[in-house]
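Engineer: To start, I am sharing the structure in question, which I have written as structure tokens.
No lab work stands behind these numbers, since they all come straight from the coordinates. Being a predicted model, the structure only gives us computed values, none of them experimental. Cβ sites come from the backbone with ideal geometry, for glycine too, and all protein chains shown count toward neighbours.
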Amino acid sequence: MLDPRAFIHALPKVELHVHLVGSAGVDTVLTLARRHPEAGVPADRAALERFFVFRDFDHFLKVYWAVQSMLKDRNDIRTLVTGLAAELARQNVRYAEVTVTPYNHLLDGLPGDELLTGLVEGRAVAKAEHGVELAWCFDIPGEKGVRAGRETAVFALRERPDGLVSFGLGGPEIGVGRAQFEPFFTAAREAGLHSVPHAGETSGPATIWSAVHDLGAERIGHGTSCATDPALLAYLAEHRVPLEVCPTSNVRTRQVPSIAAHPVRRMLDHGLVVTLNTDDPPMFGATLEGEYLEVATTLGLRAAEVAALARNAVEASFLGEAAKAELLAEIDLVTLEAHAETS
């Protein structure tokens, strides 16, 4: 009988929706807390582990901003990046597109060149020491408005670090219209960056429609509310617009009551390109392997269907075609070997 955990681990995986600050695990935060005791974050492992136990969304924000407050220079950013890479490698994740919010770092007083150097150095270590290829999405914190959009676009297009592949929009959705950010997404797309805004996580399908029509979205971050709009389901399926689905995050933030109640089943049944992702993994108690296992177990997916989710993530990524082909071939090989073991 096929061991689903072993099969999921063996699959080479791609992560398309993970926030850099939200990726900080206990070991990384412990390093930062001991480096910056003035931040008041627990520097004792047991106390820090208790601090990290998710209680509610307000507590998540408290942990998130505590980590953000300790990012003072390139060394801190590099620590964050390499900690993420080590965790990805442990789960056999080969490639990740990581969301970075430069505007928030700059507001907090982190110099732009320190941020960029930390990203570049961390990315090099991720590849050399962990075998993980990282790419960047620079996103707008939407709640900070048009000024944040303008400054994020200027920073992204002026600096254009190696590995920057996309331009995003995060933060609260209610009361933050997508259309106001259209000029910045247009500039980013004209400069060759891909459009990957959040939409339909905490708001209805109108936000997803706006992301597609106003921002030229090539992928949708979350997109869970699409399941309530048959016309949108049909559009996303026909146009093969991938969704970056983060099931545990949606449960933790109370957008859905459980994995069993998650609209991912409806998305799959309508032929949408579903990818599984973690969002802010340690802070929500998530791992990418865990997302695959929960969805596969809850929905009763066969090995081939689980492999199809891994294939979706590769195909929806902004990797080069040769790298995609290599990963897809390995996914097929792992699936064939698993089938041979059970036949």
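Engineer: From the phi angles alone, apply the Karplus equation (6.51, -1.76, 1.60; θ = phi - 60°) to segment 82-90 and give each ³J(HN,Hα) in whole Hz, x where the residue is Gly or Pro.
Structural biologist: 6, x, 4, 4, 4, 5, 4, 4, 4
Engineer: Right, something else. Can you work out ³J(HN,Hα) from phi for every residue in segment 109-118, in order, using Karplus 6.51 cos²θ - 1.76 cosθ + 1.60 and θ = phi - 60°, giving whole Hz and x for Gly and Pro?
Structural biologist: Ordered by residue, 3J(HN,Hα) equals x, 6, x, x, 5, 5, 4, 5, 5, x Hz.
Engineer: Expected output is a single nm value to one decimal: the length gained when fully extending between Ala261 and Asp162, i.e. 0.36 nm times separation in residues minus the C-alpha distance. What is it? The partial results should precede the final answer.
Structural biologist: Details: separation 99, 0.36 × 99 = 35.64 nm, distance 3.98 nm.
Result: 31.7 nm gained on full extension.
Engineer: How would segment 67-153 be classified by its alpha-carbon gyration tensor: rounded, prolate or oblate, with rounded meaning a/c under 1.5 and the a/b versus b/c comparison settling the rest?
Structural biologist: Working: a/c = 2.40, a/b = 1.72, b/c = 1.40.
In terms of gyration-tensor shape, prolate.
Engineer: Tell me, what is the percent relative contact order of segment 4-342, built from C-alpha pairs under 8 Å that lie six or more residues apart?
Structural biologist: Answer for segment 4-342 is 20 percent.
Engineer: So what are the ³J(HN,Hα) numbers for segment 331-342, from phi and the Karplus equation (6.51, -1.76, 1.60; θ = phi - 60°), rounded to whole Hz, Gly and Pro as x?
Structural biologist: Karplus-based 3J(HN,Hα) across segment 331-342 equals 4, 4, 5, 4, 5, 5, 5, 5, 5, 5, 5, 9 Hz.
Engineer: With a Förster radius of 56 Å, plug the Cβ-Cβ distance of Glu190 and Arg5 into 1/(1 + (r/R0)^6) and report the FRET value to the nearest 0.05.
Structural biologist: Values: r = 45 Å, r/R0 = 0.80.
That pair, Glu190 with Arg5, gives E of 0.80.
Engineer: Compute the Cα gyration tensor for segment 186-343, then decide on rounded, prolate or oblate, letting a ≥ b ≥ c be the square roots of its eigenvalues: rounded whenever a/c is under 1.5, prolate when a/b is larger than b/c in the other cases, and oblate in all that remain.
Structural biologist: Because a/c hits 1.5 or more and a/b fails to exceed b/c, segment 186-343 counts as oblate.
Engineer: Can you tally the lysine pairs in segment 4-342 where the Cα-Cα distance is under 24 Å and the two residues are eight or more apart, or on different chains?
Structural biologist: Lysine pairs meeting the criterion: 7.
Engineer: About its Cα centre, how strong a charge dipole does the chain have in debye, to the nearest 20, once Lys and Arg get +1 and Asp and Glu get -1 at the Cβ?
Structural biologist: Charge dipole of the chain: 440 debye, to the nearest 20.
Engineer: Within 11 Å, Cβ to Cβ, of Gly109, how many net charges do the neighbouring residues add up to if Lys/Arg are +1 and Asp/Glu are -1?
Structural biologist: Within the 11 Å Cβ shell, the charges total -2.
Engineer: Shifting gears a bit: In terms of modelled amide H atoms, which long-range or inter-chain residues lie less than 5 Å from the amide H of Gly171?
Structural biologist: Placed amide hydrogens put Gly142 under 5 Å from Gly171.
Engineer: Let me ask another. Pull up all non-local amide H partners of Ala217: gap of 5 or more, or a different chain, and H-to-H distance under 5 Å with H placed in the peptide plane.
Structural biologist: Amide H to amide H, under 5 Å and 5 or more residues apart or across chains, Ala217 pairs with Val212.
Engineer: I need His17, His105, His59 ordered by Cβ neighbour count within 10 Å, fewest first.
Structural biologist: Numbers: His17 29, His105 21, His59 14.
Fewest to most other Cβ atoms nearby, the residues stand as His59, His105, His17.
Engineer: Classify segment 4-342 as rounded, prolate or oblate, taking a ≥ b ≥ c as the square roots of the eigenvalues of its Cα gyration tensor: rounded when a/c is under 1.5, otherwise prolate if a/b is larger than b/c and oblate if not. Before the final figure, lay out the partial values.
Structural biologist: Numbers: a/c = 1.40, a/b = 1.15, b/c = 1.21.
Taking the square roots of the gyration eigenvalues as a ≥ b ≥ c, segment 4-342 is rounded.
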